[in-house]
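Chemist: Can you keep this structure in mind? I'll have questions shortly.
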């Protein structure tokens, strides 16, 4: 590896491992959030993440965002029971689900 590229790729393995751990943790948190919501809302959660003390829940549309916000106090209780307490606010945002698979054309 050339000296010019070494700073970019020298610790790539460690950085990829860190990224993979973060993605796994986010997936686990999203799963716990889904299980803590009423059944009608579960399939609309795209992902969830912690941002400082806050919990950010990404859902697939504004209509479902309103329903998740309304369920916020119960979500907070259930997360605490599951060992995932939320110290700050529960923030709900709208985002698009990541496409899986390829488009046939």
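Chemist: Could you check the spin-label model distance between residue 26 and residue 39? Points 7 Å from the Cα along Cα→Cβ, value in nm.
Modeler: In this crude label model, residue 26 to residue 39 measures out at 3.0 nm.
Chemist: Throw me the Rg/Rh for the range 12-94, computed over C-alpha atoms with Kirkwood Rh, two decimals.
Modeler: Working: Rg = 13.1 Å, Rh = 13.0 Å.
Rounded to two decimals, Rg/Rh equals 1.01.
FYI, it's all coordinate maths here, none of it is from the lab. Remember, it's a predicted structure, so these values are computed and weren't measured experimentally. Glycine gets a Cβ as well: all are built from the backbone with ideal geometry, and neighbour counts include every protein chain shown.
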